Amino acid sequence: MSLVDSPRAVVTGAGSGLGRAFCLELKKRGARIVCADIDDAAAQKTAGEVGGSAVRCDVSRIEDVEALAVEAERALGGVDLVINNAGVAVAGPVGEVPLDDWRWIMGVNLWGVIYGCHVFAPRLKKQGRGHILNVASAAGLLAPPGMAPYNVTKAAVVALSETMSAELKQTGVGVTVLCPTFFQTNIGKSARGSDPKQAAFVERLMARAKIQAEDVARIALDTAAAGELYALPHADGRWMWRLKRWAPDRYISVTARVATRLTR
């Protein structure tokens, strides 16, 4: 199996939200963990909770990700599981979102995952074992209106994960891509460009979700342990993805109507 019991794990964005939930779940599974986050104090706090080590890491910088890999090898003696989790959000219509916001989200959500895969995949291949868990979003599968920058980055993470899954199939290294819908997280606090009505709607959905961060982390790790590529923990995401594949034109019409109501 590509994901061993009690893995040596690296988690980016570990200071809060889903990243912290991953670390807490991994602790239950006997893992040794390197907690990485751009917020050093937050990384230190999570590391203290799980008995791991902390690294300040800006995933949009290749130098930081390379240093993270070096520190993980020093602290753990190697890595069995890499969770590319760090992410941010940008909303708004195409043509109105500032290009600087596009560059910012690309740096974290896409290049951060690319760098994580680029740096760690060769190491896992060399040892003939390991697993990469990339955190995307159902937005990468469903492309809801008004979220183009976020959708584009997450769709790219899905495509990257699918490609790597095929490339690594015979190496002993597995790949899982996580595509949740709504659950409570801190990503909204740093989001750029959200319409107040849309943001309030999203906050309500996040609060009402029956599957929250700790459940998402557990399901994602179970999916990785089973050697499966896609982890869709929320039923609404699974059904919407089916609708999009079965009736793509109808799906686009429905999402357009919903988006219009939200912005009135």
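Counting beta carbons within 10 Å around each of V152, V59 and listing the fewest first gives the order V152, V59.
The angle separating the long axis of helix 213-225 from the principal Cα axis of greatest extent in the chain is about 60 degrees. The string of couplings for the range 28-44 from the Karplus curve (6.51, -1.76, 1.60, θ = phi - 60°) is 4, 8, x, 6, 9, 10, 9, 9, 10, 6, 5, 8, 4, 5, 5, 4, 4 Hz, one whole number per residue in order, with x for Gly and Pro. A full extension of the chain between K169 and E214 corresponds to an added length of 13.3 nm, given 0.36 nm per residue minus the alpha carbon distance.
Taking 7 Å steps out from each Cα toward its Cβ at S6 and K28 produces label points 1.9 nm apart. From the list (i) 16.9, 49; (ii) 17.7, 55; (iii) 17.8, 59, can you say which value of Rg and Dmax of the Cα atoms in Å was derived from the structure given? Here Rg and Dmax of the Cα atoms in Å agrees with entry (ii).
Spread over its residues, the convex hull of the C-alpha atoms of the range 1-141 is 111 Å³ per residue.
For the range 105-164, the C-alpha radius of gyration sits at 1.21 times the compact-globule guess of 2.2 N^0.38 Å, with N the residue count. Taking 13 Å as the straight-line reach from the Cα of K27, the aspartates and glutamates in range (excluding those fewer than 8 positions away in the same chain) are D5, E49, E214. Here is the list for the range 1-108: trypsin sites (Lys or Arg not before Pro) lying in DSSP coil, each with at most 16 other C-beta atoms within 10 angstrom of its C-beta, are R29, R61.
Every number in this text was worked out from the coordinates using simple rules, so none of it is lab data. What you are looking at is a predicted structure, and each value in this text was computed from that prediction instead of being measured. All Cβ positions, even for glycine, are placed from backbone atoms using ideal geometry, and neighbour counts span all protein chains on display.
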